[in-house]
Structure formats: structure tokens, C-alpha cells
Amino acid sequence: MNVVVCVKQIPDPAAPQALDPETRTLIRQGKLILDDSDAYGVEMGLQLANQAGGDVVTLVSMAPNGETSGLRTALAMGADKAILVSDDALRGSDALSTAKVLAKAIERAEPDLIIAATESTDGYTGTFPVQLAELLGLPSITFAKKVTVGDGTVVVDRQTEAGYDEVECPLPALVTVTAGVVEPRYPSFKGIMAAKSKPLEQLTVADLGLDASQVGAAGSRQEVTDVSAADERKAGEIVQDEGDGYEYVVRFLEQLKLI
Ligand SMILES: Cc1cc2nc3c(=O)[nH]c(=O)nc-3n(C[C@H](O)[C@H](O)[C@H](O)COP(=O)(O)OP(=O)(O)OC[C@H]3O[C@@H](n4cnc5c(N)ncnc54)[C@H](O)[C@@H]3O)c2cc1C
């Protein structure tokens with residue numbers, strides 16, 4: 001089985017961030033790291049590949065400036081190889097044009113299963129994975145909290161507000177995973193050393209048979225028209241426990257639909 005994992009490389013969320021004053025999009029310069037959301041997808045791909053035996057896990061990423069740091073982290077976790085699409089013509093890409101580019105790159109890997117995160121953690125839309133599935137003509141299952149593969153099908157426990165649905169579909173297919181689907185491993189020293197020599201193919205827009213007018217700002221249909229600061233976090237509520245504090249906790253969790 002060929003498993004492809006989509007890996008978004010993002011600026012370190014712990015470092016100060018800035019928006020481009022003209023495009024109002026996040027400035028992505030310098031080292032980019034593996035998005036935490038995608039560490040779950042990588043781990044899921046590795047575990048499924050391990051169970052079947054002899055499977056190949058290929059990472060696919062689109063990122064500026066030939067950036068590979070996040071991909072190397074995922075290779076160090078155990079993925080076999082990676083494909084990076086990087087090209088100046090991709091600047092200003094929206095989610096759909098990102099999907100068009102990565103669909104072309106992913107076709108080359110002939111995947112049986114494509115894994116992505118439900119949403120990324122930087123400038124996220126949560127729309128990229130389903131657009132990708134549509135462009136590839138594949139079924140997709142979103143919000144997976146458990147994934148099993150067997151005999152040409154994928155079975156997913158799909159998180160809902162009320163609990164979860166069990167959904168099954170034939171392979172090839174795309175699945176988006178939630179945080180908590182599995183516990184991502186830390187790359188070992190041996191893994192980090194091995195990652196340095198794993199195959200990492202770098203592709204341009206032309207390599208994918210696309211024209212510069214179909215991608216980047218030229219091919220995008222979305223535009224960021226305004227940006228405003230998020231509301232400040234409100235101070236927490238202090239509850240005096242006079243023996244009935246647990247009732248408040250239960251009511252609070254019920255409101256959040258956690259119980
Ligand atoms: C109007 C607009 C303008 C933009 N301009 C720029 C820009 O100038 N420069 C720039 O760098 N970005 C830009 N972006 C963001 C970039 O194109 C995103 O990669 C794209 O929007 C999809 O990411 P997302 O976070 O919205 O996807 P989501 O749907 O939130 O992501 C879910 C999952 O999809 C996968 N995924 C998403 N993006 C990638 C990727 N690039 N590579 C591999 N897997 C991926 C990952 O598994 C991710 O966790 C722009 C986005 C918009 C909407």
C-alpha cells in the first residue's frame with residue numbers, strides 16, 4: 001500500500017509572526033517547521049504502513065524557498081521519502097490553488113490512502129483536503145479519530161458533536177485526522193541521522209505540467225480583504241466551592257458538550 005501524508009510546513013508559532021501589509025497573508029520566511037497537526041497524520045501513516053508490512057509512506061508538501069526542515073522532521077519520524085513543491089510562482093496561493101498543485105504532485109505517488117490533518121494551525125481554512133480529494137476524484141472521510149485499513153477498504157470512527165459514526169469506503173481514498181487519533185512519536189537520534197539521506201524530490205510548477213497563470217496569486221480565487229485582531233481573552237470565573245462545586249463543573253462540561 002502507498003500512503004501519502006500531506007505535510008504543511010509553517011513558521012514556528014513560538015516566534016513572533018507578521019503579516020504582509022499588501023496581501024495581509026502570513027510572512028513565511030526562514031525556517032519552517034512541521035505543523036503539529038500533521039505530526040498526527042505522519043504517525044497514523046507510519047502505524048498503518050507498519051501493520052500491513054512493506055508499505056511506503058511518502059510525504060508531500062508545498063512550501064516557499066525550497067524549505068525542507070519540517071519534511072526532514074517527518075522523515076526522521078520514519079517516513080520513507082518526500083516530495084516538495086516549491087516555486088516563486090506559487091506566492092499568493094489560496095487553498096484551492098494549493099490543492100490543484102498538490103493534486104498533480106500526489107498523482108505521481110499513486111497513493112492508496114492520502115492522509116491530511118483536519119485543519120492546519122497557522123493560517124487555516126480547513127478546506128484544502130476535501131478540495132484535493134475532489135480534484136483527484138477520490139472519496140474522502142473527515143474528522144477521523146480512529147483509522148483501520150483492510151482488504152481494499154478504510155474504516156474510520158468519524159468524530160461528531162454527539163460522539164462518532166463508523167464510516168467505511170473503498171480505497172483509494174483521502175482521510176483527515178484529528179489531534180488524538182494517535183500519539184506522535186519523537187524522532188530518535190538514529191531517525192534524524194537516517195532522514196538526512198532519505199529521498200527528497202523537489203518539483204517546480206513546470207515539472208507538474210502546470211502553467212504559472214493557473215497557480216499562485218494569478219490562479220487564486222480568494223483574497224484576504226481585511227484583518228482584525230482577535231478578541232482579548234476574558235478573565236476566568238472563580239467559583240467558591242462550598243461542597244457543591246462539582247455541580248458547577250458538571251454544568252460547565254455539559255454546556256461544552258464534553259459530557
Ligand atoms: C487568500 C489566501 C492567500 C494565501 N497566500 C499565501 C501566500 O502568499 N503564501 C503562502 O505561503 N501561503 C498562502 N496561503 C496559504 C496556503 O496557500 C495554504 O497552504 C492553503 O491555503 C491551504 O492551507 P490551509 O491551512 O488553509 O489548509 P487546511 O485545510 O487548514 O489544512 C489541512 C491540512 O491540509 C494539508 N495542507 C494544507 N496546506 C498544505 C501545504 N501547503 N502542503 C502540504 N499539505 C498541506 C495539511 O495536512 C493540513 O494540516 C494563502 C491562503 C489563502 C486563503
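The values are calculated or read from the model by the stated rules, or taken from the named source; none is laboratory data. Not measured: the values here are computed from a predicted model. Neighbour counts are summed over all protein chains in view; Cβ atoms, including those assigned to glycine, are modelled from backbone coordinates with ideal geometry.
Name the residue that is surrounded by the most Cβ atoms within 10 Å (Cβ to Cβ), counting only residues in segment 219-253 that are of a type in the set (Val, Ile, Thr) and more than 34 Å from the chain's Cα centre (by Cα). Among those that are of a type in the set (Val, Ile, Thr) and more than 34 Å from the chain's Cα centre (by Cα), it is Val239.
Test of understanding: among Ala99, Ala82, which residue is closer than 15 Å to Val4 by Cβ and in a strand (DSSP E or B)? If you could, list the steps in order and put the result at the bottom.
Working: Ala99 fails: in a strand (DSSP E or B).
Unique residue meeting the criteria: Ala82.
Close Cβ contacts (under 6 Å, 6 or more residues apart or on different chains) running from residues in segment 4-33 that are closer than 30 Å to Arg108 by Cα to residues that are part of a strand (DSSP E or B) and of a type in the set (S, T, N, Q) comprise Val4/Thr58; Val7/Ser61; Gln9/Ser61; Leu32/Gln9.
Please verify whether segment 17-29 includes one or more residues that are closer than 18 Å to Pro187 by Cβ and more than 7 Å from the ligand (Cβ to nearest atom). No - not one qualifying residue is present in segment 17-29. Can you confirm whether Leu96 is farther than 14 Å from Pro11 by Cα and either away from the ligand (no atom under 13 Å from the Cβ) or in contact (Cβ under 8 Å) with a residue 60 or more places away in the chain (or both)? It is true that Leu96 is farther than 14 Å from Pro11 by Cα and either away from the ligand (no atom under 13 Å from the Cβ) or in contact (Cβ under 8 Å) with a residue 60 or more places away in the chain (or both).
When you look at Val4, is it surrounded by 23 or more Cβ atoms within 10 Å (Cβ to Cβ), within 9 Å of the ligand (Cβ to nearest atom), at pLDDT 95 or above and under 20 Å from Ser120 (Cα atoms), yes or no? In short, no.
For the criterion of being under 25 Å from Val156 (Cα atoms) and more than 10 Å from the ligand (Cβ to nearest atom), Ala74 passes.
Taking strands (runs of 3 or more DSSP E) that do not extend beyond segment 110-216, which have at least 2 residues that are more than 16 Å from the ligand (Cβ to nearest atom) and farther than 21 Å from Leu32 by Cα?
140-150, 153-159, 164-170
Looking only at residues of segment 196-214 that are surrounded by 18 or more Cβ atoms within 10 Å (Cβ to Cβ) and in contact with a Gly (Cβ under 9 Å, 6 or more places away or on another chain), we find that the one that is nearest to Leu90 (Cα to Cα) is Val205.
What's the total number of residues in segment 48-65 that are surrounded by fewer than 18 Cβ atoms within 10 Å (Cβ to Cβ), more than 13 Å from the ligand (Cβ to nearest atom) and assigned to a helix (DSSP H, G or I)?
Restricting attention to segment 48-65, the residues satisfying the condition of being surrounded by fewer than 18 Cβ atoms within 10 Å (Cβ to Cβ) are 50-54, 56, 64-65.
Narrowing the set further to residues that are more than 13 Å from the ligand (Cβ to nearest atom) leaves 50-54, 56.
Subsequent filtering for residues that are assigned to a helix (DSSP H, G or I) retains 50-52.
Result for segment 48-65: 3.
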